Amino acid sequence: MPSLSEKVLKVRSKNAGPFWVTIDIFCGSKPAFEEVCAKLKTERVAELYKAPLETLKRFDIADLNVVKFSLPRPVVQGSREDRDMHGAGWAVLLEEAELA
Amino acid sequence: MPTRVLVPSGVLGLGFDREALARGVAAKPDIIAIDGGSTDSGPFSLGAGESKYSRAATKSEWRQLMRARAEAGVPLVIGTAGTCGTDATVDWMVAITRELAEELGQTVKIAKLYSSQPKERIASALREGRVMPLEPAPAIDAGKVLEMTNIVALAGAEQVQAALATGADIVICGRTTDTATIAALPLLRGDHAGGAWHGAKIAECGALCSTNPTSGVILVDFDETGFTVEPMAKSARCTPHSVSAHMLYENVDPFVLYEPGGRLDVRGAVYRALDERRVRVEGSEWIPGPYTVKLEGARVAGYQTTIMAVLRNTHYATHAREWVAKLTTFLEGEIDSRMGLKPGDYHMDFRLIGVDSALGALENRQGTPVEVGVLGVVTAPTQETAAEIGKLINPFVLHYPLTEDEELPTFAFPYSPATTDRGELFEFALNHILALDDPADDPLAAFRLELEEVGHAELV
């Protein structure tokens, strides 16, 4: 089964302030955007990031062919448990996720 | 009145294209505005009150901008000076400015906008119900507020306008919102409010809103219906996609941005290409609300010592997790018997580089690593204790065997001493807002403005 990264242009994650992380999926084309919108369930993303479903914000932005998720950081930026100061590494979980 | 703002770069210290800056100055801007900070690198800068960028990089870029200001004859404004925008980093930036004024033979009037908050003020405001949590916020009480090493409030356009009203040549701001220094002058001159905040958000990372992010320099024209953005580097272009996509960047919600005194809503914004390089934006809306400013604070959460070993032996590399689990149990016993410390008195964490060090519990892939880096991080209430634990565990991290009947292994230590004392572990301790009175009465209620003139004869 193909991974998301084979379908889209780029997946980017970054802090949105010390308490949130935001993940942008640049689909690159209308068909890819529509496929991601249809197949990538918010529940699946919550599962990947082990986050309660109700804490995820999702934006399907047709004008940009972008699907965006924002969620509270699994741990606060720079706290003792933090392993990724800029939150850029979390994108790989979605890149590698299979698009069923 | 149309207002032309030149933004040399997303942040001072990151560099910009000199030719592009010259082109921007030639375009006769009304103001030059640049950001000096962010929380992006973590809590250390705010906790310690230090700049993340080197003094040398900051000074060399500020030199170019002070020259550009003198040539353009317009104010130069920096927001969030010295990464965190504490009073100490404003003064650090002012000291650099004084040196440069002397070296360049410039006479300049400097306005200093201070954003640091006395802890007692925030503790009182908390008791009075004027400090409110955002989502998600760390739990705080007056006692925790008083323990913080630095607290800053994010100034908005009104405070930057007060600084500009002094007629200063250079305005050095403590913590401001990323957008305030860019939006201040257009708003003061009555340009479209939604356009002013939206254009400021688009330009605050410099050329990141263009096709050539590292070129830095951006020019924004604000007017009564919206704004037009154009990159100054010849190699860069702004397209409706590159501009609108910038609203995604480091934003929880790509359509709404909260600022002191209201919020920007860009759901109705229309992005239109004027030509190959310029984009026109209209339709963004500013919705006034209560006047609140965001607070940032940091506290010391302990002191750290680290140790690093590399497991290259295939058996150890493939059994790294098991090795660390056994080692940890053994070390907890040693620390207890030799130092009298229980696991709750300190924190010890071994991260396996090559296995799951970036994602931790979220990692869902497994492989066979050639080698595994073991990064041990000890956090304790004092540096002395953390350092002592580091020294105590050092020989075991070097030699601990997986099984009892094998010859003592020795792992690779990359340096001597094997332990590194990291100093304080700071943590962000506030995600709150502070309610203020109407800034029309007193824009500087929670801020402080000082003026200074630095005069030097022209060098001949």
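The values are calculated or read from the model by the stated rules, or taken from the named source; none is laboratory data. For clarity, every value in this text was computed on a predicted model and none was experimentally measured. Glycine also receives a Cβ, built like all others from the backbone with ideal geometry; neighbour counts cover every protein chain displayed.
Assorted remarks:
- Of the listed requirements (1) exposed (fewer than 12 other Cβ atoms within 10 Å of the Cβ); (2) hydrophobic (A, V, I, L, M, F, W, C); (3) without any contact (Cβ under 8 Å) to a residue 24 or more places away in the chain, B:VAL370 misses just one: (3).
- Only listed residue being of a type in the set (A, V, I, L, M, F, W, C), on the phi < 0 side of the Ramachandran plot and under 25 Å from the mean Cα position of the chain (by Cα), chosen from B:PHE330, B:PHE255, B:PHE350: B:PHE255
Quick grid of which residues meet (1) part of a loop (DSSP other than H, G, I, E, B); (2) more than 30 Å from B:GLY367 (Cβ to Cβ); (3) out of contact with any helix residue (DSSP H, G or I) (no Cβ under 6 Å at 6 or more places or on another chain):
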position: B:ILE287; (1), (2), (3): no, yes, yes
position: B:VAL293; (1), (2), (3): no, yes, yes
position: B:VAL300; (1), (2), (3): no, yes, yes
position: B:HIS315; (1), (2), (3): no, no, yes
position: B:GLU322; (1), (2), (3): no, no, yes
position: B:GLU332; (1), (2), (3): no, no, no
position: B:SER337; (1), (2), (3): no, yes, yes
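- Residue count for segment B:66-82 under the criterion of being farther than 16 Å from B:LYS109 by Cβ and surrounded by fewer than 23 Cβ atoms within 10 Å (Cβ to Cβ): the result is 3.
- Hits in segment B:73-89 - residues which are touching a strand residue (DSSP E or B) at 6+ places or on another chain (Cβ under 7 Å) and over 16 Å from B:ASP169 (Cβ atoms): B:GLY79, B:THR80, B:GLY82, B:THR83, B:CYS84, B:GLY85, B:THR86, B:ASP87, B:THR89
- Whichever residue in segment B:387-407 is β-branched (Val, Ile, Thr) and either in contact (Cβ under 8 Å) with a residue 24 or more places away in the chain or crowded, with 17+ Cβ neighbours inside 10 Å (or both) and, among such residues, is nearest to B:VAL310 (Cα to Cα): B:VAL397
- Condition met for A:LEU93 (under 30 Å from B:VAL374 (Cα atoms), at the interface with chain B (Cβ under 9 Å from one of its Cβ atoms) and buried (at least 18 other Cβ atoms within 10 Å of the Cβ)): yes
- Within segment B:219-257, the set of residues being more than 24 Å from A:GLY17 (Cα to Cα), touching a Cys at 6+ places or on another chain (Cβ under 8 Å) and not charged (D, E, K, R) comprises B:VAL229, B:PRO231, B:CYS238.
- Selection of first residues in segment A:71-100 that are under 18 Å from A:ARG58 (Cβ atoms) and of second residues that are crowded, with 18+ Cβ neighbours inside 10 Å and modelled with pLDDT under 95, restricted to Cβ pairs under 9 Å at least 6 apart or on distinct chains, gives the following pairs, ordered by first then second residue: A:TRP90/A:PRO74.
- Of all residues in segment B:199-223, those that are in contact with a Leu (Cβ under 9 Å, 6 or more places away or on another chain) and either among the basic types (Lys, Arg) or surrounded by fewer than 22 Cβ atoms within 10 Å (Cβ to Cβ) (or both) total 3.
- Every residue from segment A:61-85 that is surrounded by fewer than 16 Cβ atoms within 10 Å (Cβ to Cβ) and farther than 24 Å from B:ALA139 by Cβ: A:ALA62, A:ASP63
- Selection count where residues are of a type in the set (A, V, I, L, M), buried (at least 20 other Cβ atoms within 10 Å of the Cβ) and more than 10 Å from B:ILE172 (Cβ to Cβ), scope segment B:101-113: 2
Matching residues to (1) in contact with a Leu (Cβ under 7 Å, 6 or more places away or on another chain); (2) more than 25 Å from A:PRO74 (Cα to Cα); (3) not small (Gly, Ala, Ser):
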site	(1), (2), (3)
B:VAL108	no, yes, yes
B:ALA125	yes, yes, no
B:PRO133	no, no, yes
B:LEU146	no, yes, yes
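- Subset of segment B:206-247 (residues that are out of contact with any His (no Cβ under 9 Å at 6 or more places or on another chain), within 20 Å of B:GLU282 (Cβ to Cβ) and aliphatic (A, V, I, L, M)): B:ILE218, B:LEU219, B:VAL220, B:VAL229, B:VAL243, B:ALA245
- Leading residue by the ranking (nearest to the other protein chains (Cβ to nearest Cβ)) among those in segment B:334-367 that are without any contact (Cβ under 8 Å) to a residue 40 or more places away in the chain and hydroxyl-bearing (Ser, Thr, Tyr): B:SER357
- Test: residue in segment B:366-373 that is assigned to a strand (DSSP E or B), within 34 Å of the chain's Cα centre (by Cα) and modelled with pLDDT of 95 or more: yes
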